[in-house]
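The values are calculated or read from the model by the stated rules, or taken from the named source; none is laboratory data. Note that the coordinates shown come from a computational prediction; the quantities given were computed from them, not determined experimentally. Cβ placement follows ideal geometry from the backbone for every residue including glycine, while neighbour counts extend to all protein chains displayed. To get the accessible areas, we keep the full protein, side chains included, count just its heavy atoms, and leave off ligands, DNA and RNA. Shrake-Rupley method; radii C 1.70, N 1.55, O 1.52, S 1.80 Å.
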Amino acid sequence: IDPKLDHKVADMSLADWGSKEMQLSEREMPGLMALIDKYGSEKPLKGLRVTGSLHMTIQTAMLIKTLHALGADVRWASCNIFSTQDHAAAAIVEQGLAKVFAWKGETLEDYWWCTEMALTWPDGTGPDLIVDDGGDATLLVHEGVKVEKDPSLLSRTTDNKEFRCVLDRLIVSAKADPQKWTKIAARIRGVSEETTTGVHRLYQMAKNGELLFPAFNVNDSVTKSKFDNLYGCRESLADGIKRATDIMVAGKVVLVCGYGDVGKGCAQSMRGFGARVLITEVDPICALQAAMEGYEVTTMAKGCQEADIFVTATGNYHVVRGEHMLAMKDEAIICNIGHFDNEIDMGFLEDTPGCTKVTVKPQVDKWTLPSGKSLIILAEGRLVNLGCATGHPSFVMSNSFTNQVLAQLDLAKNDYPPQVMTLPKILDEEVARLHLARLGVELETLSTEQADYIGVPVTGPYKPDHYRY
Ligand code: NAI
C-alpha cells in the first residue's frame, strides 16, 4: 500500500469518452442533479472524507460528482472485480473528482488492494464516511479491528479464496501499522449500504454486537429496492445475457432462482422477451406471488432438466450445485444476478477432475463436463448485469443514489450510536418526487378535508411505515 499513490485505473485515454457519457446521463439522473442544485453552494460535506466501494460505472461517476460537489474528499474502489467501466474511472480521475482504484478484470488480490487504497488517505488515516455496496469496505475495517485486538487470528487457515485475500491484506497492513484499522474505525461516522446482501451483513453484525459505527440501510428505502432491484434488473439482466451470448430468449425456458425484488424483475424481463419462465423459491409468500403471476414454481431438482437459461437471484449460497449441473441440457447458460459469486457452486466445475474450460470471450466461459456435455457460465458466476453489461440504467440509479447522498448528509450531521437505520418515509417520497417530472408525471393534491379523512398530512408522508407498496 502506497497511500500517496493517486489513482490506479486501466486507461486514462478513455477519460474524454467517460466525461461525455457522464454528461449524457445528467438528464436521466434528476435526483442527483437536484441535490447538486440544492446543496452545491452550501457544501454540507466539506471537510469530510468519503470512501466508496461501489461498482465504478458511469452512474456511480455521477454519484461521485455529487458527493464532490457537496464538498466531500472522495476515494473510490469498485465492489466487484468485473463491474468497473474503465472510461468512467478515467473520467473521474481526469476531472479530479476522486482518487479511483478500479479497473475491469481485477484479480481478487487487486480487488482487496483497491479496497484498502480507497480506505487509506495519504496521511495513513481513513474516511469519515463510507458508501458501501455489499459491505466489503465495512468488512475490511471490521476484520482489521478484530485482528488488531487478537493478532493470533491472522494465522487462521481458510478454504475461502476471497477471505484468504482479506487475511493476506491484513497481514501486510499489520506489519506497516499494527493499529491502522483501529484508528480508521475510530474516525468513521457511519456507512450507507446499497444492497440486500450488504444490509443482511450489517443486521447480523448489529445483532452480534459487533457493529463499530452506525449504518444506513439504503436498500430498504422503497425508492431503492422496489425500483433498482426490480426495474433495474428487469432491464439489465437481459442486457447482460444478450451482450454475452446473443441468444434468442423468445421460446426458451428460463429458470429464475428466488422471487424477491430482483427475481421479480428478472422473471418479468424474460417473460417479456417471450420465454417460458420457471421460478424456484423457499418462501411460501414469494412462491405464491410467483404462481399468481402465472409462473410455474418448481424445484431445482425438476427445473434443472428443463431450462435453457438459469438465473440466480437469491443472495444465498450454492443454489445451483453440481448435481443440478450434471442434469442440465447441453450448452445451458448459467448466470447470477445476486451480489456475490457463491450462488452458483463454481467450485464444482473448478475441482471436478476432467472438467475443462474454454473462454469464448472475457466473462463468457464454456465448461465441458467429463460426460462431454457443456455449460456456458457468464461472468464466472458474478453479477451478470455488471460483469457482462453496464449495470442498471442511469434513471433508476438516480433513485438509489439520491437515497445514498441523503444518508451521507444525515450521517455527516448527526452522531448516532452503532445501529442500522433506514431513511424516513418523507425523504423516500421526496426521492420519488424528484424523478416525476422527467417522466411527465402529474400528481393529484390532497384537499385538507381529504387529508383529514384518510389521516395523513397534505404534504405527506402518505403511508404508514408498515405499508409494503
Ligand atoms: P430478496 O430477499 O428480496 O429476494 C431473495 C429471494 O430469494 C427471497 O424471496 C428468498 O426467499 C429467496 N431464496 C433464498 N434462498 C433460496 C433458495 N435456496 N432457492 C430459491 N429461492 C431462495 O433479495 P433481493 O433484493 O431480490 O436481492 C437478491 C440479491 O440480488 C442480493 O444478493 C442483492 O444484494 C442482489 N442485488 C443485485 C442487483 C444487481 O444489480 N445485480 C441489484 C439489487 C440487488
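Just checking: which of the helices (runs of 4 or more DSSP H) contained wholly in region 1-82 hold 3 or more residues that are within 17 Å of the chain's Cα centre (by Cα)?
Where helices (runs of 4 or more DSSP H) fall fully within region 1-82 and carry at least 3 residues being within 17 Å of the chain's Cα centre (by Cα), they are 58-69.
Could you list all residues from region 295-316 that are more than 10 Å from the ligand (Cβ to nearest atom), closer than 12 Å to Lys264 by Cα and not β-branched (Val, Ile, Thr)?
Correct list: Tyr295 only.
What tally of residues in region 430-441 results from selecting those that are open to solvent by less than 50 Å² (accessible area, probe 1.4 Å) and free of Cβ contacts under 8 Å to residues at least 60 places away in the same chain?
Total meeting the criteria: 1.
Conditions first: (1) open to solvent by less than 10 Å² (accessible area, probe 1.4 Å); (2) within 11 Å of the ligand (Cβ to nearest atom). Val319 passes all but one, so which condition is the exception?
(1)
Hey, could you check region 264-288 for residues that are crowded, with 24+ Cβ neighbours inside 10 Å and either touching a strand residue (DSSP E or B) at 6+ places or on another chain (Cβ under 6 Å) or among the β-branched types (Val, Ile, Thr) (or both) and say which is nearest to Arg234 (Cα to Cα)?
Out of the qualifying residues, it is Cys266.
Output the number of residues of region 240-273 satisfying the condition of being within 24 Å of Val431 (Cβ to Cβ), within 11 Å of the ligand (Cβ to nearest atom) and in a helix (DSSP H, G or I).
Total satisfying the criteria: 6.
Would you mind finding the one in Asn403, Asn342 that is within 15 Å of the ligand (Cβ to nearest atom), of a type outside the set (Asp, Glu) and not in a loop (DSSP other than H, G, I, E, B)?
Asn403
Collect the residues in region 15-35 that are crowded, with 19+ Cβ neighbours inside 10 Å and of a type in the set (A, V, I, L, M, F, W, C), keeping them in residue-number order.
Ala15, Met22, Met29, Leu32, Met33, Ala34, Leu35
Given the structure, is Gly381 under 19 Å from Thr197 (Cα atoms), among the small types (Gly, Ala, Ser) and at pLDDT 95 or above?
Answer is yes for this residue.
Is it the case that Ala379 is surrounded by fewer than 22 Cβ atoms within 10 Å (Cβ to Cβ) and in contact (Cβ under 8 Å) with a residue 60 or more places away in the chain?
So Ala379 fails the test.
Per-residue answers, yes or no, for (1) under 30 Å from Ser225 (Cα atoms); (2) open to solvent by less than 80 Å² (accessible area, probe 1.4 Å):
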| residue | (1), (2) |
| --- | --- |
| Thr299 | yes, yes |
| Glu323 | no, no |
| Phe348 | no, yes |
| Val360 | no, no |
| Val364 | yes, yes |
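When you scan region 301-311, do you find a residue that is touching an Asp or Glu at 6+ places or on another chain (Cβ under 9 Å), loosely packed, with under 15 Cβ neighbours inside 10 Å and not in a strand (DSSP E or B), even just one?
Yes, region 301-311 contains a residue that is touching an Asp or Glu at 6+ places or on another chain (Cβ under 9 Å), loosely packed, with under 15 Cβ neighbours inside 10 Å and not in a strand (DSSP E or B).
Please state which of the following conditions Val420 fails to meet, knowing it meets all the rest: (1) among the hydrophobic types (A, V, I, L, M, F, W, C); (2) within 16 Å of the ligand (Cβ to nearest atom); (3) within 17 Å of the chain's Cα centre (by Cα).
Tallying (1) among the hydrophobic types (A, V, I, L, M, F, W, C); (2) within 16 Å of the ligand (Cβ to nearest atom); (3) within 17 Å of the chain's Cα centre (by Cα), Val420 fails exactly one: (3).
Condition check: surrounded by fewer than 18 Cβ atoms within 10 Å (Cβ to Cβ) and more than 10 Å from the ligand (Cβ to nearest atom). Does Gly209 satisfy that?
yes
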